[in-house]
Amino acid sequence: MQVHEDYPSGSMVDFACDADGYPILAVSDLAVHTKDLTANPKCSLLVARDPEDRTDLVITLRGDAISVSEKDEEAIRAAYLARHPNAFWVDFGDFHFLRIEPKEFSGGEYKAAKVDPIAQFSKPVVSYMNNDHAEDTKVIVKHWTSVPVDFADILDLDSLGFNVKAGYQGSTFKLRVPFPRRAADRK
């Protein structure tokens, strides 16, 4: 039963994606949002790349939160723990997994989308570049903007380029630096 009838709870939760790209949640039967989803599986998942930056990329996915079948649970658990390796609570007795089945757009289009081959390497490459080549990134930003920035941190990258947060005289801005051609692999 919903705690506040007809008014579902909003919650900030971690999520991962299953092998088909559908969002998965690990939820506790004790939580109000789980009770609400049990009473009415319709939900929205707001995904923000940087929750502190409201100017950054935000996507809302609407769908139904459906319990994961027992036969899929091991694969779903592995996918969730790959994304959240310290989520030991998923093995507590009151936790189970939900899969959000999108309703906002065609499932065929969603499933036909391909994962960017470079994005999976974003985190280690960004860390390396920011730690070992910060001055080079500043030079690249100056080339693209003609602004002699005080700092430039790469945020993420994909096969088409990378996003940078830069600072100049106390102000910060973001920009996209495109690659001259699509990168096919991380080398």
>> What FRET efficiency comes out for His133 versus Ala19 if R0 is 35 angstrom and r is the Cβ-Cβ distance? Round to the nearest 0.05.
In response: 0.50
>> Whole-Hz ³J(HN,Hα) for each residue in the range 73-84, computed from phi via Karplus 6.51 cos²θ - 1.76 cosθ + 1.60 with θ = phi - 60°, x for glycine and proline: what do you get?
In response: 4, 5, 5, 5, 4, 4, 5, 5, 6, 5, 7, 10
>> Percent of Cα-Cα pairs more than 25 Å apart in the chain, please.
In response: 49 percent
> Which of Gly21, Gly167, Gly63 moves most in a GNM of the chain, Cα contacts under 10 Å?
Replying inline: Gly167
> If you stretched the chain out fully between Leu81 and Tyr7, how much longer would it get, using 0.36 nm times the residue separation minus the C-alpha to C-alpha distance?
Replying inline: 23.5 nm
> Which ³J(HN,Hα) values, rounded to whole Hz and listed in residue order, are derived for the range 150-159 from phi using the Karplus coefficients 6.51, -1.76 and 1.60 in 6.51 cos²θ - 1.76 cosθ + 1.60 with θ = phi - 60°, glycine and proline given as x?
Replying inline: 7, 8, 8, 10, 6, 8, 6, 8, 8, 5
> With labels modelled as points extended 7 Å from the Cα through the Cβ direction, what inter-label distance (nm, one decimal) is found for Ala119 paired with Asp185?
Replying inline: 2.1 nm
> What's the longest piece of the chain with no exposed chymotrypsin sites (Phe, Trp or Tyr not before Pro), counting a site as exposed if DSSP puts it in a loop and it has at most 12 other beta carbons within 10 Å?
Replying inline: 1-91
> Which loop GluC sites (Glu not before Pro) in the range 59-158, with loop taken from DSSP, have no more than 11 other Cβ atoms within 10 angstrom of their Cβ?
Replying inline: Glu104
> What lysines could a cross-link reach from Lys174, if we take a straight Cα to Cα line under 16 Å and drop same-chain neighbours fewer than 8 places away?
Replying inline: Lys138, Lys142, Lys165
> With r defined as the distance between the Cβ atoms of Val147 and Phe88 and R0 fixed at 45 Å, what FRET efficiency is calculated, to the nearest 0.05?
Replying inline: 0.50
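Taken together, the values in this text are just the output of simple stated rules run on the coordinates, not laboratory data. Remember, it's a predicted structure, so these values are computed and weren't measured experimentally. A quick note on method: Cβ atoms are made from the backbone with ideal geometry, for glycine too, and the neighbour counts reach across all protein chains shown.
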